[in-house]
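Novice: Sharing a structure with you now.
The values are calculated or read from the model by the stated rules, or taken from the named source; none is laboratory data. The structure displayed is predicted, hence computed values, not measured ones. Glycine gets a Cβ as well: all are built from the backbone with ideal geometry, and neighbour counts include every protein chain shown.
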Amino acid sequence: MSTTESLVLADREVPLAILTLNNSARRNALSRAVLEELRDRLNGLASDRAVRVVILRATGPVFSSGHDLNELVGATADEAASLFRLCTEVMEAIRQLPQPVIAEVQGMATAAGCQLVASCDLVVAAEVAQFATPGVKIGLFCTTPAVALCRVVPSRKALEMLLTGAPISAVEAERLGLVNRVVPGDRLAEETRRLARQIAAASGYTLMLGKRAFYQQLPLDRPAAYALAQAVMVENSQAPDAQEGMKAFLEKRPPCWQS
């Protein structure tokens, strides 16, 4: 059960799990406490087979303003390293989570907040949402956000965002590939859940296997990617859900998933 004191609320609409950044008074800054709670929430979902899709959203007008700069001003190198390591751990936890993660972005996402969006598997954004990596303006280049950003946005545009710090609109973010869908703000939750439930209709095992293989093959050259993909297809084809799905298709009936 989620509580109002939680920095990251956790709710269920089975087969969906909804995580909500809940510190709007601080523009949902990714403080150490928020990152730790988000990491723990994600780790708890990793083994939950009742959940097939995770939605990540936020309260208030800002999705996330990135790191809490109060934790970096005057910090030692070790303290800064610990914080950035924790942030990377959270971003990688999203990528490694068995379930697809959809970011539901209602407002501005900046710096590590933009990194958080780019780290999610899919993104649905309100028309008013904006995205920026403005660290250069305060002397702290968004180098770690760049890792996630340049893997979903063409490198020259990503570098422009990093060098200028200027925000881009939701429409521009969709054109560049950072966002999958842009919708009116009053339909954001509805459209995000519609997409999530469409995905969640598939076998949980198949979603897990497919997401993992997608990210594994992405950095490989074509021959290596095909070699990995073929092995995964063989593994997948032998799974009970794949056998059931193929039989159901041939028999013209809905499948009955085991996972």
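Novice: Can you find a residue that is buried (at least 21 other Cβ atoms within 10 Å of the Cβ), among the charged types (D, E, K, R), in the same structural domain as Glu190 (by TED's automatic domain parsing) and over 18 Å from Glu172 (Cβ atoms) anywhere in the stretch 103-119?
Specialist: yes
Novice: Out of the stretch 223-243, which residues are in contact with a Phe, Trp or Tyr (Cβ under 7 Å, 6 or more places away or on another chain) and not small (Gly, Ala, Ser)?
Specialist: Matches in the stretch 223-243: Asp241 only.
Novice: I've got another one for you. Could you list all residues from the stretch 230-251 that are under 26 Å from Ala50 (Cα atoms) and part of a loop (DSSP other than H, G, I, E, B)?
Specialist: Hits for the stretch 230-251 are Gln238, Ala239.
Novice: Within the stretch 124-177, can you find the residues that are out of contact with any helix residue (DSSP H, G or I) (no Cβ under 9 Å at 6 or more places or on another chain), of a type in the set (A, V, I, L, M) and under 16 Å from Phe63 (Cβ atoms)?
Specialist: Passing the criteria: only Ala170.
Novice: Can you give me the ranges of the helices (runs of 4 or more DSSP H) entirely in the stretch 153-229 with at least 2 residues that are closer than 19 Å to Glu104 by Cα, in contact (Cβ under 8 Å) with a residue 12 or more places away in the chain and within 18 Å of the chain's Cα centre (by Cα)?
Specialist: Those helices (runs of 4 or more DSSP H) span 170-176, 188-200.
Novice: Being acidic (Asp, Glu) and not in a strand (DSSP E or B), is that true of even one residue in the stretch 101-119?
Specialist: no
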